[in-house]
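What follows is a short report on a single structure.
The values are calculated or read from the model by the stated rules, or taken from the named source; none is laboratory data. Please read all numbers here as calculations on a predicted model, not as lab measurements. Heads up, the Cβs are rebuilt from the backbone with ideal geometry, glycines too, and the neighbour counts pull from every protein chain shown. Only protein heavy atoms, including side chains, enter the accessible area calculation; ligands, DNA and RNA are left aside. Shrake-Rupley method; radii C 1.70, N 1.55, O 1.52, S 1.80 Å.
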Amino acid sequence: MKKLCKLLLVIFMFLGIYTYIPKTYSYEIVTFDEEVNTDALLLVNPSNDEILYDKNKDKVLPMASTTKIMTYAIVVDYIEDLENTYIEVKQTSIDKISGLGASTAGFQYHIGEKFSALDLLRGMMIPSGCEVAQILADYIEDTYKIDFVDKMNEKAQMLKMNNTIYIDPH
């Protein structure tokens, strides 16, 4: 009986180890039977930079709210403790987006109040709050004495976003 238990234990161990052996994956060129409903698209294999699919990959398009994704990336690069870093909503930040017709998250009604960086990021990403992007950018610029948009463009170059130029954080 002990020999049978040992044999079963060895078999189960072998099967357990076998299931954890790393596997390699391959990618194939993506083709679509129907037209993709978008103005432009670029699908790249991140392991080797191979273009899997493209449609108008060099077409110049407005950035719209995708700019906030880069703003998010820069903010989390600079602020280590998002939950415990509190940032004041300043009128000067709100003034920079006034008259643009930009989407807001309502923080313009809280001048002088402080919010955690995490709450501000949520306000920027979920309702696409342009004023929050500006509040965060101004905070980073004032705290770290950097040009926020320059950092956005530097990161874009680092990520090989060669045809991308940021002009504001929102």
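A few notes on this one:
- Any chance Y166 is assigned to a loop (DSSP other than H, G, I, E, B), buried (at least 19 other Cβ atoms within 10 Å of the Cβ) and modelled with pLDDT of 90 or more: yes
- Candidate set from the range 123-163 (those that are open to solvent by less than 80 Å² (accessible area, probe 1.4 Å) and in a loop (DSSP other than H, G, I, E, B)); member that is nearest to S93 (Cα to Cα): G129
- Among the residues of the range 50-73, those identified as in contact (Cβ under 8 Å) with a residue 40 or more places away in the chain, open to solvent by less than 90 Å² (accessible area, probe 1.4 Å) and of a type outside the set (G, A, S) are M63, T67, K68, M70, T71, Y72.
- Residue within the range 85-97 that is surrounded by fewer than 12 Cβ atoms within 10 Å (Cβ to Cβ), under 19 Å from F148 (Cβ atoms), β-branched (V, I, T) and more than 21 Å from the chain's Cα centre (by Cα) present: yes
- Looking across the range 107-164, the residues that are in contact with an Asp or Glu (Cβ under 7 Å, 6 or more places away or on another chain) and of a type in the set (G, A, S) come down to G112, S116.
- Scanning the range 107-117 turns up no residue that is at pLDDT below 95 and under 17 Å from F148 (Cα atoms).
- Sole residue being more than 30 Å from L43 (Cβ to Cβ) and without any contact (Cβ under 8 Å) to a residue 40 or more places away in the chain, chosen from G129, G112: G112
- Residues in the range 98-110 that are under 25 Å from the mean Cα position of the chain (by Cα) and among the aromatic types (F, W, Y): F107 alone.
- Within the range 16-60, being assigned to a loop (DSSP other than H, G, I, E, B), among the acidic types (D, E) and modelled with pLDDT of 80 or more holds for D39, D49, D58.
- Test for I135: is it farther than 15 Å from A73 by Cβ and of a type outside the set (K, R): yes
- Output for the range 72-122, where each listed residue is hydrophobic (A, V, I, L, M, F, W, C), within 26 Å of E154 (Cα to Cα) and part of a loop (DSSP other than H, G, I, E, B): I79, L82, L100, A102
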